[in-house]
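A.B. asks: I am attaching a structure below and will ask some questions about it afterwards.
The values are calculated or read from the model by the stated rules, or taken from the named source; none is laboratory data. Just so you know, these numbers come straight off a predicted model, no measurement behind them. Ideal geometry is used to build each Cβ from the backbone, glycine not excepted, and the neighbour counts take in all protein chains shown. What goes into the accessible areas is simple: the full protein's heavy atoms, side chains included, and nothing from ligands, DNA or RNA. Shrake-Rupley method; radii C 1.70, N 1.55, O 1.52, S 1.80 Å.
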Amino acid sequence: MRLRCFDPACAATLDLHAPALECPRCGGLLEVDVEAPSYAASALKQLWSERRRSRDPRDISGVWRYREFLPAYPANQIVTLGEGNTPLVRGHKTAAFAGVSDLQFKHLGWNPTGCFKDLGMTVGMTEAVHTGAKIVACASTGNTAASLAAYAARAGLIGRVYLPAGQVSLNKLAQALDFGAEVVEIEGSFDDALNILLEKTSEGIYFLNSINPFRIEGQKTTMFELMDQLDWKAPDYLVVPGGNLGNSAAFGKAFDELLRFGLIDRVPRMIVVQAAGANPFAQLWRDGADELSPVAEPETIATAIRIGNPRSWKKSLRGVRNTGGQVLDVTDEEIAEAKAVIGRDGIGCEPASAATLAGLRKLRAGNVVPENASVVAILTGHALKDTNFIIRAHQREEAHAH
Ligand code: F0G
């Protein structure tokens, strides 16, 4: 395996473990170039199925179980908390709310730190250990910070997280502190925090935001596990929230590999949903633009996706286009309403995750998605990630009732 520039016009290649954050030739995004596996698709499926009965920590992890599609490391370097293995939960009230008959949620909030970030962090942190890093860092709206802090603690590395001051849910901040990370508060947005951190990469800090291609590799396995759970039959639609666009980028890469190496024979249409106040990708899609115009002051109650300048938009766009999907945005009111319905299904999630249900409802209302379509929505964060939001919503409800 090698690193490769994502821009096909450049396609420069680098050593897999080269310490680069961008293409040295053109400045583009990097990705891991996965080679054809040495097993046939049916043999791989059988192998992955058998690993579910194994006690090897790599087989227990829902990420490393699929390691034929990941960079290889010595077993003792792998930093894992048993991430993945998240269930598919059928929506009832949520399905009626959206107006579809077949809705399932893949709840990535039921990961070790309550968020999908763990799936990428296990690979990113393992690579950090492999390269001999001592300090790992990220900018974050909260969840990446919590996940980095946990995995850094496991690996015995110093974790440092750059957070937009006053704009991160206290539950997430508390996690980062609990896991012993150094917290740096930045006046400004997530985008400002990321810019400040990127200026520091020369200082021997290993960088773990999702432009790190190893994070993307781990997050990619969500789609391997999902297809495995669906007996390798893709649903009609996959709905995912979009912030910095690393997760949808990872899913797009997964579909490409799953299809190319014969593990599935069709892909779901990938729908990316942004918050209306932080919607540069939805704007690009609506306008048919070639370049992303960042939103200078992103604003949404879904603080996890309060991002104005998503770094991985080109990768995400390729995934949306290749799957015949689309991008849209939903208002904060729509997010709050959808979140409450997810709660009433006994599932729960944080606000950013509820953008999926709100987006699905909107597409169904516009007759873009048919009533009988099979839909999987990705819930990215646990309900307990933002308890303040829930309490305030219910206080408002009570105030209205009286
Ligand atoms: N949902 C949740 C709960 C998130 O925390 C994030 C991103 C997203 C969705 C969007 O995913 O960025 O891959 O498009 N959170 C990052 C963080 C930015 O710092 O925790 P994306």
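A.B. asks: What share of all Cα pairs of region 1-106, in percent, falls into each consecutive 10 Å distance bin?
C.D. replies: 13, 26, 27, 25, 9, 0
A.B. asks: Take the eigenvalues of the Cα gyration tensor for region 349-391, scale each by 5, and report the square roots as semi-axes in whole Å, largest first.
C.D. replies: After scaling each eigenvalue by five and taking roots: 25, 11, 6 Å.
A.B. asks: Using alpha-carbon pairs under 8 Å, 6+ residues apart, how would you state the relative contact order of region 133-263 in percent?
C.D. replies: Relative contact order here is 23 percent.
A.B. asks: Okay, next question. Just check region 15-64 against the gyration tensor rule for me: Cα atoms, a ≥ b ≥ c as the square roots of the eigenvalues, rounded for a/c under 1.5, and otherwise prolate or oblate depending on whether a/b exceeds b/c.
C.D. replies: Taking the square roots of the gyration eigenvalues as a ≥ b ≥ c, region 15-64 is prolate.
A.B. asks: Treating only the Cβ of Lys, Arg, Asp and Glu as charged (+1, +1, -1, -1), what charge dipole size does region 205-321 show about its Cα centre? Round to the nearest 20 debye.
C.D. replies: Taking the Cα centre of region 205-321 as origin, the dipole is about 160 debye.
A.B. asks: Send over a whole-number figure in Å² for the accessible area per residue of the chain, probe 1.4 Å.
C.D. replies: 39 Å²
A.B. asks: Output the antiparallel fraction of DSSP beta bridges having both residues in the chain, as a percent to the nearest 5.
C.D. replies: DSSP beta bridges in the chain are roughly 25 percent antiparallel.
A.B. asks: When every alpha-carbon pair in the chain is counted, what percent end up more than 26 Å apart?
C.D. replies: 49 percent
A.B. asks: Taking the Cα centre of region 336-402 as origin, work out the dipole magnitude from +1 charges on Lys and Arg Cβ and -1 charges on Asp and Glu Cβ, in debye rounded to 20.
C.D. replies: For this selection, approximately 120 debye.
A.B. asks: Another one. Based on the mean of other beta carbon atoms within 10 Å per residue, what is the order of 93-102, 304-313, most packed first?
C.D. replies: Output ranking for 93-102, 304-313: 304-313, 93-102.
A.B. asks: Tell me the carbon and sulfur percent of the accessible area for the chain, rounded to whole percent, probe radius 1.4 Å.
C.D. replies: 49 percent
A.B. asks: I'd like to know which of L226, G246, S210 lies farthest towards the positive end of the charge dipole of region 151-251, counting +1 on Cβ of Lys and Arg and -1 on Cβ of Asp and Glu.
C.D. replies: Highest projection toward the positive end goes to L226.
A.B. asks: Still on this model: Quick one: grab the alpha carbon gyration tensor of region 291-402, order the square roots of its eigenvalues as a ≥ b ≥ c, and give me rounded if a/c is under 1.5, else prolate or oblate depending on whether a/b is larger than b/c.
C.D. replies: The shape class here is oblate.
A.B. asks: On the principal axes of its Cα set, how long, how wide and how thick is region 218-296? Give whole Å, largest value first.
C.D. replies: For region 218-296, the Cα extents along the three principal axes come out at 42, 21, 19 Å.
A.B. asks: Enumerate cysteines in the chain without a disulfide-compatible partner, where compatibility requires another Cys Cβ under 4.7 angstrom.
C.D. replies: Result for the chain is C115, C138, C349, no neighbouring Cys Cβ within the cutoff.
A.B. asks: Percent of Cα-Cα pairs more than 17 Å apart in region 157-295, please.
C.D. replies: 70 percent
A.B. asks: I've got another one for you. Only Lys, Arg, Asp and Glu count, each charged at its Cβ (+1, +1, -1, -1), so figure out the dipole size of the chain about its Cα centre, rounded to 20 debye.
C.D. replies: 920 debye
A.B. asks: What fraction of the Cα pairs in region 218-352, stated in percent, has a spacing above 23 angstrom?
C.D. replies: Value for region 218-352: 36 percent of Cα pairs lie more than 23 Å apart.
A.B. asks: What ranking do 167-175, 46-54 get when scored by the average of other Cβ atoms within 10 Å per residue, highest first?
C.D. replies: Top to bottom by mean Cβ count within 10 Å: 167-175, 46-54.
A.B. asks: Principal axes first, then extents: for the Cα atoms of region 133-227, list largest minus smallest coordinate on each axis, whole Å, largest first.
C.D. replies: 41, 30, 26
A.B. asks: Further, regarding this structure: Using a ≥ b ≥ c from the Cα gyration tensor of region 242-283 (square roots of the eigenvalues), is it rounded, prolate or oblate, where a/c under 1.5 gives rounded and otherwise the larger of a/b and b/c decides, a/b for prolate?
C.D. replies: It comes out prolate by the Cα gyration axes.
A.B. asks: Further question on the same structure: So what's the net charge close to P268: Lys and Arg +1, Asp and Glu -1, counting the other residues with Cβ under 11 Å from its Cβ?
C.D. replies: +2
A.B. asks: So, one more: What three numbers, in Å, describe the spread of the alpha carbons of region 301-361 along their principal axes, ordered from the longest?
C.D. replies: Sorted from largest, the Cα extents of region 301-361 read 35, 24, 18 Å.
A.B. asks: Something else about it: Looking at this model, which pairs from K45/K134; K117/K200; K106/K134; K134/K172; K200/K220 are more than 30 angstrom apart at the alpha-carbon?
C.D. replies: The pairs that break the limit, which is 30 Å between Cα atoms, are K45/K134; K106/K134.
A.B. asks: So if I take the centroid of the Cα atoms in region 196-246 and the same for region 357-379, what is the distance between those two points in Å?
C.D. replies: Cα centres, region 196-246 to region 357-379: 23 Å.
A.B. asks: Ranked from highest to lowest mean number of other Cβ atoms within 10 Å per residue, what is the order of the peptides 231-241, 278-288?
C.D. replies: 231-241, 278-288
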